[in-house]
Amino acid sequence: MPTYIYLIYYLIIINFIAVIVTVIDKYNAKKHRSRIPENVLLLISALGGSVFMLLTMYAIHHKTQHKKFMYGIPAIITVQLFTLYYILRTF
């Protein structure tokens with residue numbers, strides 16, 4: 001099996017986790033329960049879940065008023081795309 005398949009599996013899993021964590025945080029916010037720290041959400045985004053986390057935030061209207069997320073996650077996506085471009089270009 002090619003090595004890049006593991007990267008694809010990883011990205012599927014981390015993006016699934018990003019969606020679940022974002023939805024749970026929104027649910028907890030509505031129910032006035034303990035929230036997931038913002039740094040954890042941003043870490044999951046930086047670990048590869050940025051695209052689906054951003055899409056989920058827009059879909060459920062969660063954290064869309066927070067500049068840290070509305071500028072931070074697109075910045076993370078940009079860095080990830082440049083990194084991917086650089087990696088693919090060198091091979």
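The values are calculated or read from the model by the stated rules, or taken from the named source; none is laboratory data. Bear in mind that the values here come from a model prediction, so they are computed numbers and not experimental data. In this analysis, Cβ positions are derived from the backbone assuming ideal geometry, glycine residues included, and neighbour counts consider all displayed protein chains.
Being touching a Gly at 6+ places or on another chain (Cβ under 9 Å) and more than 18 Å from Thr64 (Cα to Cα) is a property that does not hold for Tyr4.
Pairs are defined by a Cβ separation below 6 Å, a sequence spacing of at least 6 or placement on different chains, a first member in the stretch 74-91 that is within 13 Å of Leu42 (Cβ to Cβ), and a second member that is at pLDDT 95 or above and surrounded by 12 or more Cβ atoms within 10 Å (Cβ to Cβ); the pairs so defined are Ile76/Ser45; Ile76/Ala46; Ile76/Ser50; Ile77/Ser50.
Each residue in the stretch 1-27 was checked for being among the β-branched types (Val, Ile, Thr) and modelled with pLDDT under 95, and 3 pass.
Checked against the criterion of being surrounded by fewer than 12 Cβ atoms within 10 Å (Cβ to Cβ) and within 14 Å of the chain's Cα centre (by Cα), the candidates Tyr71, Tyr9, Tyr86 yield just one match: Tyr71. Of all residues in the stretch 23-56, those satisfying the criterion of being surrounded by 14 or more Cβ atoms within 10 Å (Cβ to Cβ), assigned to a helix (DSSP H, G or I) and over 8 Å from the mean Cα position of the chain (by Cα) are Val23, Asp25, Lys26, Glu38, Leu55, Thr56.
With hydroxyl-bearing (Ser, Thr, Tyr) and at pLDDT below 95 as the only criterion, which of Tyr86, Tyr58 stands out? Reasoning before the result, please.
Numbers: Tyr58 fails: at pLDDT below 95.
Answer to the check: Tyr86.
A count restricted to the stretch 57-68 and to residues that are basic (Lys, Arg), touching a residue at least 12 places away in the same chain (Cβ under 8 Å) and surrounded by fewer than 16 Cβ atoms within 10 Å (Cβ to Cβ) stands at 1. When the stretch 58-91 is filtered for residues that are of a type in the set (Val, Ile, Thr) and not in a loop (DSSP other than H, G, I, E, B), the ones remaining, listed by number, are Ile60, Ile73, Ile76, Ile77, Thr78, Val79, Thr83, Ile87, Thr90.
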